Amino acid sequence: PTEAAEEVRDELVLENEVGLHARPAALLARSLAGLRASVRVRLGDNEADGASVLGLMGLGARKGDRITLLADGADAQQAIQQVRDLAARNFDE
């Protein structure tokens, strides 16, 4: 049996200079590895799987853009927090 969990939703504004370009997208995807959560990142009408570097880059999210994080699964809350922590550190740029 799988653990039922409600979807966790959060928004954040990208403050790093390059937005979700190659390195930040890779860090985001890597930070979710091993978690029991499915994370999606939404910018406007477009959405990408948080585990897909190319998908994240394809959003074209830039500095100042507001993205929405959607996560479900047993580790959904932790997944959202990890992304928030990365963003707060400007993706270590």
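Assorted remarks:
- The label-point distance for residue 49 and residue 65, in a model that sets each label 7 Å from Cα toward Cβ, rounds to 1.9 nm.
- Taking the C-alpha atoms only, the angle from helix 76-88 to the longest principal axis of the chain is near 20 degrees.
- Cα long-axis angle, helix 22-32 against the chain (0 to 90 degrees, to the nearest 10): 20
All of the numbers you see were taken from the coordinates with simple rules; none came from a lab. This one's a predicted model, so the numbers in the text were calculated from it and none came from an experiment. No Cβ is skipped: glycine too gets one built from the backbone with ideal geometry, and neighbour counts run over all protein chains shown.
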